[in-house]
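Let me begin by presenting the structure, written as structure tokens, before commenting on it.
All of the numbers you see were taken from the coordinates with simple rules; none came from a lab. Note that the structure is predicted; figures quoted are calculated from it, not measured. Glycine gets a Cβ as well: all are built from the backbone with ideal geometry, and neighbour counts include every protein chain shown.
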Amino acid sequence: MSDTGGQPLVQVRGLKMHFPIYAGIFRRHVGDIKAVDDISLDINESETLGLVGESGCGKSTAGRAVLRLYDITDGSITVDGTDISDVDKEKLRHLRPKMQMIFQDPQASLNPRMTVAGIIGEPLVEHMSLSRSERLERVYQLMDAVGLNRSFADRYPHEFSGGQRQRIGIARALALNPKFIVCDEPIAALDVSIQAQVVNLLEDLQEQFGLTYLFISHDLSMVRHIADRVAVMYLGKIVELAPRDDLYERPLHPYTQALLSAVPEPDPVREAERKHIILTGDVPSPSNAPIGCNFCTRCPRAEQICREIEPEFRQVEKGHYTACHFVGDTEIKTAEPTAGERVKP
Amino acid sequence: MSENGAAVLDVKDLRTVFETGQGAIHAVNSVSFDLKPGELLGVVGESGSGKSVTMMSLIGLLGTTAAIVEGAHVNFDGMDLLKVSEDDLRAVRGAGIGFVFQDPMTSLNPVFTVGFQLMEPLRNHMGMSKAAARSRAVELLELVGIADAEKRLSDYPHQFSGGMRQRVMIAMALSCDPKVLIADEPTTALDVTIQAQILELMKELRRKLGMAIVWITHDLGVIAGIADRVMVMYGGQIVELAPVIQLFENPQHPYTRALLQTVPSVRGSRTERLRVIEGQPPILFSPPQKCSYSARCNHAFDRCLSADPKRIRIADGHDVACFWDPETGGPRDE
């Protein structure tokens, strides 16, 4: 899926993560919650892939599954040349330093009874044999890297603000020099003015250490800022994946179009002129997904074929993938008519 | 601020102090504003800027144990809400002033049906019979776009999705035809496509019912789409108040200007690097003696550290509490 030469750092093929539902007195297996249902994507070295979607679409589950925090149902995941989809726990543990995670809620992901130095130093204790002073030196380096004052090393998480706590979480993720970091809504719990600080920090660190990010977020405007390529998820599937500017300027899938249209514009004049696509209804349950296209229950363009046949996720332009029956085959064939369509709102 | 006598809500010099173990926290510091009939006043600011506390203080939702609410007056419907008895205040809440909270899951009671909760204010405030309240409840659910309203009355909150629950909350707030609706971050917990539905619904309800709305949010995009006037809060004070177009086109306060620059957009040009406001919002252990934004402000000069700027009028309906003048780049002459 990558257009650049060489192997992508992360390769995901046909990833499925189903959670079984048990019911009745015999706890019979009555169905599955298909949180992630057959997704494939590549993440190139030192790029940021944004993964966007509404709550419950499976983006966080996908992020966790890619790091093998779950035992996946099906599919393959290759990180830096190693297939990790089926390796056992002990082996996985040795692979962990390469891939790390930054969590959404910095309050819940930091142990309240450990000092900052303890939290940031814990991965070093687990995975490296350093002396106490070497470890402290490394903790100080990391604190400098994320912009925390060294004198805070002996304080506890509750003494910090949300933005600073997120910095502690980032320092911990960086401790083992990872190549790949999954950022699961790292800014969702922060204030607007603090969000920008953390996003800038993530960008600086990426440049400094050559990091590769999978940036999971529901904030489309922030993803536009940080990501190089963007994947849009809906009900466990990727409906569109494209380079950032392509996706934001010429969204092809009706869901992406509706999602972008729903984001309010911080400009009263333009906002008043803009025409919104208002989707009706809610996202169906992932345990009982519709037949055919997952989006057919809310899609303004849905026709009979959408309720019968699941559209294939395919490349419609160079690097631009989407899963919709009406893209690429019928009216939207080349770039020109689509660009024209964008002009009349 | 209250030159307009027809205002439905007129707040003057409201102050709220919380007594905590670490000392008194001055959450709201001398806030004055008015709300005209039928207008939508947007309130923006970061968490901790005092936007919710201001609105909750007005209608006595903070309780009397930890919070001390003082002020010159809060005039609503011929009463001063700061002086009336608890019983009168209770009658105003729900009937005269409706409230929609941020999180629809925690603000609905999980053990009662939605129908019961919708009918409760109707029977208490309006004295309706059970049958009348029921038919009104159906009407309300239909008004906020819930299909199959009759049947859904007997459903419990957990049987509704987030967007639907927020619709129920709105229906409940509207049930007694309030003159003022206070919506505290009503779409923050919702997804964008659902947020778009709720915003559309609110616009429609405003056209139909014409009540005045106070809309608290931190999302400038939402404000741009629905507000008539915007009030920017920082450190428990109003730092700028202006008609929406004027605020976005000609922001005066450095905080407003910075806020507008930190938000990325999904449309238009994309900046290489996000502008940040360095530092943290303040926690005020005493009434402000200096400008509370001065520690994070790029334009602060000595006067900002020695006196707290008062709000001054710079154009029709536009006022700002700042000593710095963006036009000249120097101190504002008064």
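Treating only the Cβ atoms of Lys and Arg (+1) and Asp and Glu (-1) as charged, compute the dipole magnitude of the protein assembly as shown about its Cα centre; round to the nearest 20 debye. Charge dipole of the protein assembly as shown: 960 debye, to the nearest 20. How much of the DSSP bridge set in chain B is antiparallel, in percent, rounded to the nearest 5? Roughly 65 percent of the beta bridges in chain B run antiparallel, per DSSP.
I'd like the chymotrypsin sites (Phe, Trp or Tyr not before Pro) in the stretch A:1-83 restricted to DSSP loop residues with at most 10 other Cβ atoms within 10 Å, sorted by number. Before the final figure, lay out the partial values.
On the way: sites: A:TYR22, A:PHE26, A:TYR70; in loops: A:PHE26, A:TYR70.
When the chymotrypsin sites (Phe, Trp or Tyr not before Pro) of the stretch A:1-83 are filtered for loop state and at most 10 Cβ neighbours within 10 Å, A:PHE26 remain.
Look at the alpha carbon pairs under 8 Å that are at least 6 residues apart: their mean separation over the length of the stretch B:117-191 gives a relative contact order of 35 percent. Rounding to the nearest 20 debye, state how big the charge dipole of the stretch B:225-293 is about its Cα centre with +1 on each Lys and Arg Cβ and -1 on each Asp and Glu Cβ. For this selection, approximately 160 debye. Along the stretch A:110-120 the Karplus relation, 6.51 cos²θ - 1.76 cosθ + 1.60 evaluated at θ = phi - 60°, assigns HN-Hα couplings of 10, 5, x, 9, 10, 6, 4, 4, x, 5, 5 Hz to successive residues, with x for each Gly and Pro.
Of all the options B:SER306, B:SER265, B:SER32, the one that moves most in a Gaussian network model of chain B with Cα springs shorter than 10 angstrom is B:SER265. Relative contact order of chain A, taken over Cα pairs closer than 8 Å and 6 or more residues apart, is 19 percent. Rounded to the nearest whole Hz, the Karplus-based 3J(HN,Hα) values (6.51 cos²θ - 1.76 cosθ + 1.60, θ = phi - 60°) of the stretch B:216-224 follow the sequence 8, 7, 10, 9, 5, x, 4, 4, 4, with x at glycine and proline. Restriction of the trypsin sites (Lys or Arg not before Pro) in the stretch B:213-285 to DSSP coil positions whose beta-carbon has at most 11 other beta-carbons within 10 angstrom yields B:ARG273.
Farthest toward the positive end of the dipole of the stretch B:265-334, out of B:GLY317, B:ASN298, B:GLY329, is the Cα of B:ASN298, where the dipole comes from beta carbon charges about the Cα centre. Which of the listed residues, A:LEU247, B:ALA24, A:ILE181, is farthest toward the dipole's positive end in the protein assembly as shown, when Lys, Arg count +1 and Asp, Glu count -1 at the beta-carbon? It is B:ALA24, whose Cα lies furthest towards the positive end. Pairs exceeding a 18 Å alpha-carbon distance, out of B:LYS130/B:LYS151; A:LYS275/B:LYS203; A:LYS179/A:LYS237; B:LYS179/B:LYS208: A:LYS179/A:LYS237. Shape summary: the protein assembly as shown maps onto an equivalent ellipsoid whose semi-axes, from the alpha-carbon gyration tensor, are 42, 34, 26 Å in decreasing order. Only Lys, Arg, Asp and Glu carry charge here, each on its Cβ (+1 for the first two, -1 for the last two); on that basis the stretch B:258-315 has a dipole of about 260 debye about its Cα centre. Residues whose amide H comes within less than 5 Å of that of A:ASP37, counting only those at least five positions distant or on another chain, are A:MET17, A:LYS237 (H built at 1.01 Å from N in the peptide plane).
Only lysines eight or more places from A:LYS89 in sequence, or on another chain, were considered; those with a Cα closer than 16 Å are A:LYS98. Ranked by the mean number of other Cβ atoms within 10 Å per residue, highest first, peptides B:76-86, B:218-228, B:292-302, A:123-133 order as B:218-228, B:292-302, B:76-86, A:123-133. Between amide H atoms placed 1.01 Å from N, distances below 5 Å from A:ILE102 occur with A:VAL182, A:CYS183, A:ASP184, all of them 5 or more places distant or on a separate chain.
Looking at the stretch A:135-293 only, what percent of DSSP beta bridges run antiparallel? Nearest 5 please. The partial results should precede the final answer.
Numbers: 6 of 11 bridges.
Of those bridges, close to 55 percent are antiparallel.
Ordering A:VAL192, A:GLY121, A:ALA231 by Cα displacement along the dipole of chain A toward the positive end leaves A:GLY121 in first place; charges were set at the Cβ atoms of Lys, Arg (+1) and Asp, Glu (-1). Lacking any other cysteine beta-carbon closer than 4.7 Å, the following Cys residues of chain A have no compatible partner: A:CYS57, A:CYS183, A:CYS299, A:CYS324. The stretch A:98-125 and the stretch A:224-239 have Cα centres lying 27 Å from one another.
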